[in-house]
Amino acid sequence: MQEKLTIQDIARLAGVSKATVSRVLNRNPSVNAELSERVMRIVKEHNFIPNATATGLAGGRMHLIGVLAPPLTWPSVPAILGGVAKYIEDTSYEMVLYSISNERNHSDVLDHILALRMVSGLLAISPGALSEHLTTRFQQGLPMVMIEDQEKPGSVPWVGINNIESAYKATTHLIQLGHRRIAHIAGPQNYYCATERLQGYYQALQEAGIAPDPELLLQGKFETSSGQQCATTLFARDRSLWPDAIFVGNDEMAYGVLEVAEQQGIHIPEDIAIVGFDDNIFSAHKRPPLTTIRQPFAEMGYTACEILLTMDDPDHRAHRQRLADYPLQATNSPSKNIMLEHPIRIQLATSLVMRASSGATRSLSLNL
């Protein structure tokens, strides 16, 4: 087997420095065209596949981004990572995935990762309790973007959705179908997105002249089992006290409601209409198919990665131009100091996907 060449070998064969080879491989426009062509000819002749770490060390810039993510079993995570991968494939960067649970802080794990100096920036997906530690690292100069719905956005660049407006749309949909007794199964009280969705639910009721009924507000945990528990509680009451419809804080809990309804012979949507939130991959295949708010998870990953790479490399002018299409707050400058003063906030559009569970007569998607 032929010995694998290194970036140093390519530099020797091309008669240039390792730093020049690195700049060529990283598509740096500052390299002389003749030198670039010479290096690429050697690369092609020897089928050289660059190592991202070695290339970064030679060129003074690491072309690896770290993605800190919750377990891949979370329904949203694969779609977000798909968006990240889609963006990265057209760049000279590569991705390193660190999957951690939210059972503890994990700040020691993060510090170990960053101490290795392997990544030039970090994309944090739902870091939860780790957010404060990440914010400190960002303020110390580490390029970082968060896709976060557990904590209120802070100084770190943030990509997400308008949960209040989305929940308002979901509840209004049920009101427009003629329902007045609308229950809400809320997510964990310590989740910022759950409090926002509750606010959107209340806002829709208020504008429709419907007084909120405390008996129709149930506390869930964003898990299927908690949806089952809340549904069991509701359906154990006298039939006259049942709601006409339920806005469920996420699809996972809505699945639990559907399961209990089927077990107890309750017809959805004839007896009770149901709307969820997320549009996970299984929602269209439930019985009946679930009406829900669709979050643009893939676009979140794509956009967050775009911001991160622009922060790491200001020469990404084309990317900065695309970011101008989004309604940023005050600025989209990659300067850390400016971003601390005027944080980037990108709220992507969600849509209401109407299916049978709410009594919709046809499936369609409405943009908010």
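The values are calculated or read from the model by the stated rules, or taken from the named source; none is laboratory data. All values reported here derive from a predicted model rather than from experimental measurement. FYI the Cβ positions are ideal-geometry reconstructions off the backbone, even for glycines, and counts take in every protein chain you see. Note: accessible area is taken over every heavy atom of the protein model, side chains too, but ligands, DNA and RNA are not part of it. Shrake-Rupley method; radii C 1.70, N 1.55, O 1.52, S 1.80 Å.
Does Leu177 fit the bill of being in contact with a helix residue (DSSP H, G or I) (Cβ under 9 Å, 6 or more places away or on another chain), surrounded by fewer than 16 Cβ atoms within 10 Å (Cβ to Cβ) and over 28 Å from Pro71 (Cα atoms)?
In short, no.
Yes/no per residue for (1) open to solvent by 70 Å² or more (accessible area, probe 1.4 Å); (2) of a type outside the set (Ser, Thr, Tyr); (3) touching a strand residue (DSSP E or B) at 6+ places or on another chain (Cβ under 7 Å):
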position: Ile185; (1), (2), (3): no, yes, yes
position: Asn190; (1), (2), (3): yes, yes, no
position: Cys193; (1), (2), (3): no, yes, no
position: Ala204; (1), (2), (3): no, yes, no
position: Ala208; (1), (2), (3): no, yes, no
position: Ala211; (1), (2), (3): yes, yes, no
position: Leu217; (1), (2), (3): no, yes, yes
position: Phe222; (1), (2), (3): no, yes, no
position: Ser226; (1), (2), (3): no, no, no
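Restricting the range 237-261 to residues that are free of Cβ contacts under 8 Å to residues at least 40 places away in the same chain and not in a helix (DSSP H, G or I), which is nearest to the chain's Cα centre (by Cα)?
Result: Arg237.
Within the range 237-253, how many residues are touching a strand residue (DSSP E or B) at 6+ places or on another chain (Cβ under 8 Å) and either open to solvent by 60 Å² or more (accessible area, probe 1.4 Å) or under 13 Å from Ile266 (Cα atoms) (or both)?
3
Scanning the range 149-162 for residues that are within 22 Å of Glu132 (Cβ to Cβ) and open to solvent by 10 Å² or more (accessible area, probe 1.4 Å), which turns out modelled with the highest pLDDT?
The selected residue is Trp158.
Matching residues to (1) among the aromatic types (Phe, Trp, Tyr); (2) open to solvent by 30 Å² or more (accessible area, probe 1.4 Å); (3) modelled with pLDDT of 95 or more:
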{"site": "Leu309", "(1), (2), (3)": "no, no, no"}
{"site": "Pro314", "(1), (2), (3)": "no, yes, no"}
{"site": "Arg322", "(1), (2), (3)": "no, yes, no"}
{"site": "Ser351", "(1), (2), (3)": "no, no, yes"}
{"site": "Ser363", "(1), (2), (3)": "no, yes, no"}
{"site": "Leu368", "(1), (2), (3)": "no, yes, no"}
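Across the range 174-197, what is the total count of residues that are out of contact with any Leu (no Cβ under 6 Å at 6 or more places or on another chain) and over 14 Å from Asn162 (Cβ atoms)?
The qualifying residues number 14.
Across the range 113-146, what is the total count of residues that are open to solvent by 10 Å² or more (accessible area, probe 1.4 Å) and at pLDDT 95 or above?
Final tally of qualifying residues: 1.
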